[in-house]
Amino acid sequence: MRVLLVNPPDDLHAMFGVGKEFIQKAEPLGLLYIAAVLRERGHLPRILDAHAEGLGIEAVRLRIEAEAPDLLGLTTLTCQGAAVFELGRWARQALPGTRIVLGNIHASIFARAYLENGCCDAVVHGEGEYVLSDLADRMAEGRSWDDINGISRLDASGQYVRQGTEAIVDDISALPFPARDLVDPALYGLGSISNRSFVAKDSRKAKTISSARGCPHRCSFCVIHGGRRPRFNSVERVVDEIQHLQDQYGTNYVFFEDPLFLANRKRVQHLCSEIIRRKISIRFGGEAHARHLDADLVRTLEAAGCHELAIGIESGSQRILDSVHKNITLEQVRTAVHTIKDNSDIQVEGLFILGLPGETKAEAMQSIRFACELPLDMAQFAVFTPYPGSPLFEDLARRGEIDTGLRPGGGVDPSVWRRYAQYILFTDIQPIWITPGSTVQSLRSLQKQALRSFYLRPAQFLRNLKRLRPDNFLKAVRIALRGFF
């Protein structure tokens, strides 16, 4: 079967404004894993990454028409939700011989709306490598999809049917390497301006890698866990993939896209030891949790090439941390950051969220002060966005406090999904939800104040000034003027 997998256009300009410069163009690993399994099954997958190529809806339509695939798969995040709604309805009319399947979190949450509005033939719930391959197998054999687990579809009478449970890949080490050969490597990398601390002459050699799935924590603002238990690639397979990236692409840096890179201390120690044993010279980064760090682990990470760790701190208020089930204390955060800085030269980025439910202005200021007190190299201050799939989204939707885009009678207003934006300081967008008692302007001002307070301190300003290259200096100034003032 000829299968076209599409990373659709997005609404990053509307949702991020000039801040979209910080959104890195990373290889669409989810699609590349699916393509690799399809190829093992004897199918003919191709990839169209409209995000990386900067393509609009019309250009994508032309490319899909030219491909005329037997099966069209569209990955769907919230920032792509409206584009997928439009593309799916068009494809159903323009390519009657093509079966259309949607996947990823946003499509899963709004599966009924997409199906009943004629956007697709099925929606995959969960991890799609084997599910989509099973769908392609059934098409090739002329068999129906009515007993495949992990999908939604409309039955013969037009009724919505959810088949089985969410699809989970139990042994992720059994998956083949992502089919990176199906995309142009020149399209990806850290870009001229990056929210990563790593800087290199050729940032196109930077890659992302996935070594684990699922998360042991249950933060109520997060869409990652979704009830999925943590699963890990074997250490040998991970290091084999790093070696492959170096041999094939000259990779000099990898960022682990794992929901929580340091979730299993023993495994990370083993991973670092294997990198050192094989004498692989690589720089890498990942996300950490304040409860999973100690001095010995930090030193081992640095010896293996760890360049940066991003820690989800979220708030400087213990009350707010407890309310979102973060399962850390402020003292644990302080200890974790100081442990890294006292025992290594690893760069540390703090990830904060302003405007979490129930947060007061005083508590938001606590977060800003806490960020400035810590020896962080970088910090991000997002505005709370209740993304579809998170427990907080479900709670707010149930109480009627958020516009989901769904309308009475089965209608959908997909333009609403453009308002799920975390960095409103760069745009004039009206966010989908704000903490009662706050205003859009007060949140926007707070976000700007946070960046000024953190980055305009003399030592911090000079540290980040050194990261800029001459060819992106003016761009950085333009972004800073919009974001800081």
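The values are calculated or read from the model by the stated rules, or taken from the named source; none is laboratory data. The structure presented is a predicted model; accordingly, all values stated were derived computationally and were not measured. In this analysis, Cβ positions are derived from the backbone assuming ideal geometry, glycine residues included, and neighbour counts consider all displayed protein chains. The area values use the complete protein model at the heavy-atom level, side chains included, leaving out ligands, DNA and RNA. Shrake-Rupley method; radii C 1.70, N 1.55, O 1.52, S 1.80 Å.
Brief remarks on what is shown
- Scoring 174-184, 414-424, 274-284 by mean Cβ neighbours within 10 Å over their residues and listing the highest first yields 414-424, 174-184, 274-284.
- Net lengthening on full extension, residue 231/residue 154 (0.36 nm per residue, minus Cα-Cα): 24.5 nm
- Top positive-direction residue, dipole computed over the range 304-374 with Cβ charges, set 310, 327, 347: 327
- For the range 78-176, a simple Cβ point-charge model (Lys and Arg +1, Asp and Glu -1, everything else neutral) yields a dipole of about 480 debye relative to the Cα centre.
- Here the extension length gained between residue 296 and residue 407 equals 34.5 nm, from 0.36 nm per residue of separation less the Cα-Cα distance.
- Using R0 = 41 Å, the C-beta based FRET efficiency linking residue 281 and residue 373 works out to 0.70.
- Computed from label points 7 Å out along Cα-Cβ, the spacing between residue 162 and residue 243 is 4.4 nm.
- Charge dipole (debye, nearest 20) of the range 309-434; +1 at Cβ of Lys and Arg, -1 at Cβ of Asp and Glu: 300
- Dipole-positive endmost among 432, 396, 465 within the range 395-473 (Cβ charges, Cα centre): 465
- At a probe radius of 1.4 angstrom, the accessible area of the chain per residue rounds to 41 square angstrom.
- Debye intensity ratio I(q)/I(0), log10, the range 1-124, q values 0.18 Å⁻¹ (C-alpha model): -0.94
- Residue 147-residue 173 pseudo-label distance in nm [points 7 Å out on the Cα-to-Cβ vector]: 3.2
- For the pair residue 140 and residue 334, the difference between a 0.36 nm per residue extended length and the Cα-Cα distance amounts to 64.2 nm.
- Protection proxy ranking of 142-149, 441-448, by the mean of other Cβ atoms within 10 Å over each peptide's residues and highest first, is 441-448, 142-149.
- Candidate aspartates and glutamates for bridging to residue 466, where Cα separation is under 18 Å - those fewer than 8 sequence places away on the same chain excluded: 202, 308, 345, 349, 377
- Summed over qualifying helices (DSSP H, 4 residues or more, each -39500 (n - 2.57)) and divided by its residue number, the chain shows a 222 nm mean residue ellipticity of -11500 deg cm²/dmol.
- For the chain, the average shadow cast by the Cα convex hull is 22.0 nm², which is a quarter of the hull's surface.
- The range 346-418: projected area of the alpha-carbon convex hull, averaged over directions, in nm²: 6.7
- With the highest mean first, a sort of the peptides 287-296, 252-261, 52-61 on other beta-carbon atoms found within 10 angstrom per residue produces 252-261, 287-296, 52-61.
- Cβ charges +1 (Lys, Arg) and -1 (Asp, Glu), total dipole of the chain, debye: 1240
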